[in-house]
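Asker: This is the structure, below, for whatever I ask next.
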Amino acid sequence: MKRIHVAAAAVCDARGRILIAQRPANVHQGGLWEFPGGKLEQGESARQALQRELREELGIEVGSARRLIRVQHEYPDKAVLLDVWRVGNFAGVPQGREGQTLAWVSPDELAGYSFPAANIPIIKALHLPDRYLITPEPVHDLAVFLAALERSIKRGISLVQLRARQLAEDDYRRLAAAVAGVCRAANVRLLLNCAPHLVPELGAHGVHLTAQRLLQLEQRPLGPGYLVAASCHSQEEVIHAGKLGLDFIVVSAVRETASHPGLPAIGFGGLHSLCEVAAMPVYALGGMQEADIEAAWHCGAQGIAAIRSLWM
């Protein structure tokens with residue numbers, strides 16, 4: 001099956017809204033909404049095609065843009081590779097120069113529009129930040145732990161995984177309830193690294209699966225209102241996460257870490273390779289610092305996941 005390479009844009013305005021366009025009724029998947037863009041012409045790079053398509057379709061000139069995600073998808077009649085860029089700065093006022101209807105919507109409003117199936121991972125990426133905090137093992141003093149969490153949130157953290165694998169289940173429940181309270185008050189999403197069935201009870205937003213638990217599952221756990229993520233260390237695990245329809249994954253270890261001394265580092269080259277086969281947003285884990293976010297973006301990742309560099 002021939003694969004069509006498309007450059008697409010998540011054009012963002014100063015209010016954080018995303019520009020979407022409605023496909024004409026007489027084309028493939030007509031009437032559905034999409035992110036502006038089009039096919040690469042011979043000899044074009046994805047960035048060059050992006051600039052040309054947005055000029056032709058919308059009448060705007062791209063300023064700053066970065067990779068958001070690459071999506072490979074097979075429809076019954078064709079396969080597509082969407083090379084998606086986040087455009088944060090542009091010149092001009094977007095207009096539907098080809099007669100298409102345009103709409104500016106917040107990420108939360110995207111769910112109210114019908115998109116082609118290949119666009120679903122893009123929507124997931126737009127709902128996620130570029131940093132994912134993984135908590136360290138808790139100290140004995142709960143107040144000290146919660147204070148550090150609050151400091152991290154004040155520095156802009158909005159997605160947290162509570163990882164406390166050394167605690168007994170009852171102790172984990174108590175800690176999770178306290179952490180959930182802090183996160184709810186700050187409008188921060190919390191994922192629990194535990195058995196999925198505990199998540200609704202403890203008031204969290206989702207679950208983070210270990211690689212072992214991921215491979216044991218044959219279907220996605222929890223309901224559609226919850227986030228489901230997983231840790232992945234191999235192509236097999238990344239592909240299985242895609243089959244389950246997870247919301248995002250964490251790939252490790254990009255660099256060797258003291259917390260996982262036996263886990264070989266895959267480097268940014270390995271990160272890029274796993275991002276290429278992923279069907280959802282990817283966070284890079286393993287010795288990551290905030291300064292590594294742009295390198296992670298360049299590999300096709302959503303951003304970084306970290307413990308020490310994000311924990312205050």
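Every number here is computed from the coordinates shown, using simple stated rules; none is lab data. Here the structure is a predicted model, which is why all the values come from computation and not from measurement. Cβ: placed from backbone, ideal geometry, glycine included. Neighbour counts: every protein chain shown.
Asker: Placing unit charges on C-beta atoms (Lys and Arg positive, Asp and Glu negative, everything else neutral), compute the dipole magnitude of the chain about its Cα centre in debye, rounded to 20. Working shown, then result.
Answerer: Details: 31 positive and 31 negative charges, 50 e Å.
Its charge dipole is roughly 240 debye.
Asker: Once the chain is represented by equal point scatterers at the alpha-carbon sites, with solvent omitted, what log10 I(q)/I(0) does the Debye formula produce at q = 0.08 Å⁻¹?
Answerer: -0.38
Asker: Can you pull the percent of Cα pairs in the stretch 99-219 with separation above 18 Å?
Answerer: More than 18 Å apart: 59 percent of the Cα pairs in the stretch 99-219.
Asker: Another one. Considering Cα pairs under 8 angstrom that are at least six residues apart, work out the relative contact order of the chain and quote it in whole percent.
Answerer: Reported as a whole number, the value is 15 percent.
Asker: Post the alpha-carbon centroid distance, the stretch 256-312 to the stretch 75-91, in whole angstrom.
Answerer: Centre-to-centre distance over Cα atoms comes out at 23 Å.
Asker: Turning to a different aspect of this structure: Positive end of the charge dipole of the chain (Lys, Arg +1 and Asp, Glu -1 on Cβ, about the Cα centre): tell me which of Leu263, Leu159, Gln95 has its Cα farthest that way.
Answerer: Gln95
Asker: Taking the chain as a Gaussian network, Cα atoms linked when under 10 Å apart, which of Ala111, Ala278, Ala204 shows the biggest mean-square fluctuation?
Answerer: Ala111
Asker: May I ask you to list the lysines whose Cα is less than 18 Å away from that of Lys39, ignoring any residue fewer than eight positions away on the same chain?
Answerer: Straight-line reach from Lys39, under 18 Å: Lys2, Lys78.
Asker: A further question follows. Once every DSSP H run of n ≥ 4 in the chain is given -39500 (n - 2.57) and the sum is divided by its residues, what mean residue ellipticity at 222 nm do you get, rounded to the nearest 500 deg cm²/dmol? Don't skip to the end; give the middle numbers.
Answerer: Working: 9 runs with 88 residues, N = 312.
It lands at -8000 deg cm²/dmol.
Asker: Further, regarding this structure: Working from Cα positions, state the angle (0 to 90°, nearest 10) between the long axis of helix 46-58 and the longest principal axis of the chain.
Answerer: The angle comes out at about 60 degrees.
Asker: Helix 235-244 sits at what angle to the longest principal axis of the chain, using alpha carbons and giving 0 to 90 degrees rounded to 10?
Answerer: Around 80 degrees separate the two axes.
Asker: Any idea how far the Cα center of the stretch 1-53 sits from the one of the stretch 92-122, in Å?
Answerer: First find each Cα centre; the distance between them is then 10 Å.
Asker: Largest first, please: the extent of the C-alpha atoms of the stretch 204-262 along each principal axis, to the nearest Å.
Answerer: Principal extents (largest minus smallest coordinate, Cα): 35, 25, 16 Å.
Asker: Hey, another quick one. Which angle between 0 and 90 degrees, to the nearest 10, do you get for helix 267-277 versus the longest principal axis of the chain when only C-alpha atoms count?
Answerer: 60 degrees
Asker: Over the chain, with a Gaussian network built from C-alpha contacts below 10 Å, which listed residue (Arg66, Arg23, Arg97) shows the highest mean-square fluctuation?
Answerer: Maximum among the listed residues: Arg97.
Asker: Using R₀ = 30 Å, calculate the FRET efficiency as 1/(1 + (r/R₀)^6) where r is the Cβ-Cβ separation of Arg184 and Tyr113; round to 0.05.
Answerer: Computed FRET efficiency for Arg184 and Tyr113: 0.60.
Asker: Let me ask you something else. Test of the criteria: in the stretch 185-239, which GluC sites (Glu not before Pro) are in a DSSP loop and have at most 13 other Cβ atoms within 10 angstrom of their Cβ? Intermediate results must be reported in sequence, preceding the final value.
Answerer: Values: sites: Glu201, Glu218, Glu236, Glu237; in loops: Glu218.
Answer in residue order: Glu218.
Asker: Bin all alpha-carbon pair distances of the stretch 244-312 at 10 Å intervals from 0 and give each bin's fraction as a whole percent.
Answerer: 23, 54, 22, 1
Asker: I'd like the FRET efficiency for Glu276 and Ser158, computed as 1/(1 + (r/R0)^6) with the beta carbon distance as r and R0 of 30 Å, rounded to 0.05.
Answerer: On the way: r = 27 Å, r/R0 = 0.90.
Computed FRET efficiency for Glu276 and Ser158: 0.65.
Asker: Gaussian network model of the chain, Cα springs within a sub-10 Å range: biggest mean-square fluctuation belongs to which of Leu40, Leu68, Leu274?
Answerer: Residue with maximal mean-square fluctuation among Leu40, Leu68, Leu274: Leu40.
Asker: Do any trypsin sites (Lys or Arg not before Pro) in the stretch 122-222 lie in a loop, going by DSSP, with at most 14 other beta-carbon atoms within 10 Å of their beta carbon, and if so which?
Answerer: Answer in residue order: Arg155, Arg165.
Asker: Using only Cα atoms, what Kirkwood radius does the stretch 1-85 have, in angstroms?
Answerer: The Cα-based Kirkwood calculation yields 13.6 Å.
Asker: What GluC sites (Glu not before Pro) in the stretch 1-87 are in a loop by DSSP, with at most 15 other Cβ atoms within 10 Å of the Cβ?
Answerer: Answer in residue order: Glu41.
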